[in-house]
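Chemist: This structure is in structure tokens; I'll ask about it shortly.
The values are calculated or read from the model by the stated rules, or taken from the named source; none is laboratory data. As the structure is a prediction and not an experimental result, all values here were calculated from the model. Backbone-built Cβ (ideal geometry, glycine too); neighbour counts: all protein chains shown. To get the accessible areas, we keep the full protein, side chains included, count just its heavy atoms, and leave off ligands, DNA and RNA. Shrake-Rupley method; radii C 1.70, N 1.55, O 1.52, S 1.80 Å.
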Amino acid sequence: MSDPSRYLPQAIEERWQRRWRELDLDDTPQEGEGEPCYALSMFPYPSGSLHMGHVRNYVITDVYARVQRMRGRRVLHPMGWDAFGLPAENAAIERGVNPADWTEQNIEQMRGQLQRLGLSIDWKREIATCHPDYYRWTQWLFLQFLEAGLAYQKEASVNWDPIDQTVLANEQVDGEGRSWRSGAKVEKRLLRQWFLRITAYADALVDDLPSLTGWPERVRTMQANWIGRSEGAELRFSVVGPDGTARAEPISVFTTRPDTIYGATYLVLAPDHPLVESLTSPDQALAVAAFCDLVSGQSEQDRTAEDRPKRGVPLGSHVINPASGATIPLWIADYVLADYGTGAVMGVPAHDQRDFLFARRHELPVRQVIIPEGSDPQAYLGEAWTEAGVLIHSDRFNGLTSAAARQAITAAATAEGWGQARRQYRLRDWLISRQRYWGCPIPVVHCPSCGVVPVPPDQLPVELPRDVAFSGKGASPLAQLEDWVNVPCPKCQGAARRETDTMDTFMCSSWYYLRYSDPHCTTLPFRRAAVDQWLPVDQYVGGIEHAILHLLYSRFFTKVLRDRGLLGFSEPFERLLTQGMVQGITYRNPHSGRYVAPADVSDPNDPRDPQTGELLEVSYDKMSKSKYNGVDPAKVIDTYGADTARMFILFKAPPEKDLEWDDADVEGQFRFLQRLWRLVESCVQRGLTLAPLPLPAPASSEADRELRRAVHGAITAVQADLEGNLQFNTAISELMKLSNAMAGLLEAASPAVAQEALRSLLLLLAPFAPHLAEELWLKLGADGDGGGDSDGGGSIHRQRWPVADPTALVRETIPLVIQVKGKVRGSLDVPADADSATLERLALASDIAQKWLAGQPPRRVIVVPGKLVNLVP
Ligand SMILES: [Zn+2]
């Protein structure tokens, strides 16, 4: 572990890293026009320190990019910063630093850490979402959505974080109704908010999922579930008010089970449904008010949790079941949400588990209308039958199956005016307003006479003012800046006010991959020619935690921008790899729950709490500060070098699986690279170079044949590991096997075969351990391809990926006699272990067969394995 044992000093690594940046390894075509290839990692939030999860993400993408480049493709491999968000603002509140300065400093720091990994990133295309020359275009795109009718404001019940003093998206509230960042119990508040109409694209977002064959099945399923499309019917129930009079407006419900309509024995509204007040009878008013009050303090998660009591209160009004004509009571219940569907559901206790529990608790009638096919209509099931079946107690629909009844009842409802077929989605419109400073300002002005007026495009960006006071309390800091807020209306020049909400950072990250294609464009977010040339992204790599929102929003943006004519494709990411977590060894005291740092555990075989002496629990968990189980990438690079860090992280587990950090395995990769170093050094001493020599004739030595078989076997295997699923771990195993074979065979092999082996080994190694490969390439003479060092032609990273020679894979050969009608007509070299079928095929394909059979298939073929093939015409 001491520095003298490091085969490649840090200074050399850094020299190569600088050199690669000068060389523009990236998107410049190397020779001629290669096919474009876009390799993309999900860009990081600039927290200031790189963690192992980042390292894994970027190294996977880098190896992919380097391999594609060596295969002759022009590769776009950019990096940037998802740079708006709460932490910068919290730093401003806590430490008085300016969020822009804080962010810039973190970017500097992390860029330096990234460069130490030797990533072949095109830094000329670097972007940061907090720079005005980027967010100008986020604002421009927002105006596109506004113009298309896809951005709108509405008053909505929102999640309010009382600590961060901000509105949270539903997905930023955890299962216990707490803020994902502050951990505070989230409250409900009513505010006027900006939304994007993602629901207008719900069908497209579901329907295109099957075309994403390069995505993990799991991610596609998660997206489909999130959108939650269901087919069913909207049914209308007419209302009888608390005074017994019929109301003009019916109540609509959505159901996926119109076949159970005759079983609807009550109807439930959300407590905040607009009709609740007018449909509450005087004697229920107190109970209803108390119940609404109780519910308003609960999170959505609390209200809809499966295992809690189904609470509700009757309103004192009724509705008419449109199919049976029965009068049934109207209730409110906490499990019905106002902004989901119509905010009303029909209660069918006999055929829905939740309704069944609700009916039991509140003594509502249970009316069975579906029975399992072939069962006795009289037999009461005693619980909810939620499957399909055959209809009973359903008048004219009795005897139909559920499937037939769904159609028949929906058709009857349509014909008679009490309903129609409908689709419903779980997906809701995307709330993008944030009452925060450190985000992209929403580019509109509120005018008392003109209403919402977009800021004219030539006045973009609406820049964030710099001198702002951060108290962390109350409204957004922007709202307090009178100079900034008060502006003339762009339309009527009257006094108006700027919008003070900023955008959800998911807005900034929904299009950054498009900007990389044309990062310096000053007239548009990107030009169509550039974006259509590079996209869709060939390989996207990132964490599974972004499987839903980021990917869904990006797909939504792409489809909207396609419909606006700004780009010419429908899906942004062709292949997606979600890399697994990096886990560290974690020591926890099971009694106190306290975590103990590995450095404080004196004997890993008998781990004890240093304070109490109690035995500690050992597990592998995602690296985190709070568990003291993180490994700092910088320390690993300091000790072993960047290549070892890269190799370990790729070797230890397949990219999509979780990876357990293990120092011993890091050492193992380090020793492997050291062995390679010594292997090449010994070759240099023996005068071997990279210059290709004419290969010896087939009748060369056994060592030559064996070495060539190992080399070309490795090329074939590594190639297969890099196709489809990126199995870098097995590819590295192949490299280890090859280096072992070479260690035993190089001395006995002829110089030409030895040089071919060396060359191939280094080329295969280059994407994985780029520094070592480059250094060894140089040691072995480097300019074999004629390119001078001045234009980078000598760099191993400008070389072509090796191509396997299938003949080298053939085992020992033997001469096979070919007879035609029993007469010897010639002989053929064939693999010694070829089976009869192979021998027959080889014989028929031979020149001898062509000549003597004159194109006619033989009547009979006699094969004597290992000796002869007799063709009988
Ligand atoms: Zn105006």
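Chemist: Could we say that Leu464 is hydrophobic (A, V, I, L, M, F, W, C), over 16 Å from Ala323 (Cα atoms) and crowded, with 19+ Cβ neighbours inside 10 Å here?
Modeler: So Leu464 passes the test.
Chemist: Just checking, how many residues over the range 482-526 are under 19 Å from Asp122 (Cα atoms) and either open to solvent by 40 Å² or more (accessible area, probe 1.4 Å) or within 16 Å of the ligand (Cβ to nearest atom) (or both)?
Modeler: 1
Chemist: What number goes with the only condition from (1) β-branched (Val, Ile, Thr); (2) closer than 20 Å to Ala224 by Cα; (3) at pLDDT below 95 that Val560 does not pass?
Modeler: (3)
Chemist: Can you confirm whether the range 356-375 contains a residue that is under 43 Å from the mean Cα position of the chain (by Cα) and small (Gly, Ala, Ser)?
Modeler: Scanning the range 356-375 turns up at least one residue that is under 43 Å from the mean Cα position of the chain (by Cα) and small (Gly, Ala, Ser).
Chemist: When you look at Arg759, is it surrounded by fewer than 23 Cβ atoms within 10 Å (Cβ to Cβ) and modelled with pLDDT of 90 or more, yes or no?
Modeler: yes
Chemist: Further question: I need the helices (runs of 4 or more DSSP H) fully contained in the range 258-373, keeping only those with at least 3 residues that are open to solvent by less than 30 Å² (accessible area, probe 1.4 Å).
Modeler: Per the criteria, 285-296, 353-362.
Chemist: Yes or no: the range 432-442 includes at least one residue that is of a type in the set (A, V, I, L, M) and surrounded by fewer than 20 Cβ atoms within 10 Å (Cβ to Cβ).
Modeler: Within the range 432-442, not a single residue is of a type in the set (A, V, I, L, M) and surrounded by fewer than 20 Cβ atoms within 10 Å (Cβ to Cβ).
Chemist: How about the range 178-200: which of its residues are within 11 Å of Phe556 (Cα to Cα) and either open to solvent by less than 30 Å² (accessible area, probe 1.4 Å) or of a type in the set (Val, Ile, Thr) (or both)?
Modeler: Scanning the range 178-200 gives Leu196, Ile198, Thr199.
Chemist: If I ask for residues that are in contact with a Lys or Arg (Cβ under 7 Å, 6 or more places away or on another chain) and outside any helix (DSSP H, G or I), which ones from the range 620-650 would you list?
Modeler: Asp621, Gly641
Chemist: Something else: Report, by residue number, each residue of the range 655-671 that is farther than 16 Å from Gly53 by Cβ and not small (Gly, Ala, Ser).
Modeler: Scanning the range 655-671 gives Asp662, Asp663, Asp665, Val666, Glu667, Gln669, Phe670, Arg671.
Chemist: Here's a follow-up. Just one of Asp302, Asp307 is in contact (Cβ under 8 Å) with a residue 40 or more places away in the chain and of a type in the set (Asp, Glu); which is it?
Modeler: When all the criteria are applied, what remains is Asp302.
Chemist: To continue, here is another question. If you check Ala469 against the conditions, is it of a type in the set (A, V, I, L, M) and within 16 Å of the ligand (Cβ to nearest atom)?
Modeler: No; evaluated as a whole, the condition is false for this residue.
Chemist: If you don't mind, there's one more thing I want to ask. Please specify each residue of the range 546-579 satisfying the condition of being crowded, with 17+ Cβ neighbours inside 10 Å and part of a loop (DSSP other than H, G, I, E, B).
Modeler: Ala547, Leu566, Leu567, Glu571, Pro572, Glu574
Chemist: Hey, does the range 149-168 have a residue that's among the hydroxyl-bearing types (Ser, Thr, Tyr) and exposed (fewer than 15 other Cβ atoms within 10 Å of the Cβ)?
Modeler: Yes, the conditions are met somewhere in the range 149-168.
Chemist: Can I ask one more? I'm checking my understanding of the structure. Among residues of the range 445-466 that are more than 9 Å from the ligand (Cβ to nearest atom) and of a type in the set (Val, Ile, Thr), which one is nearest to the chain's Cα centre (by Cα)?
Modeler: Val462
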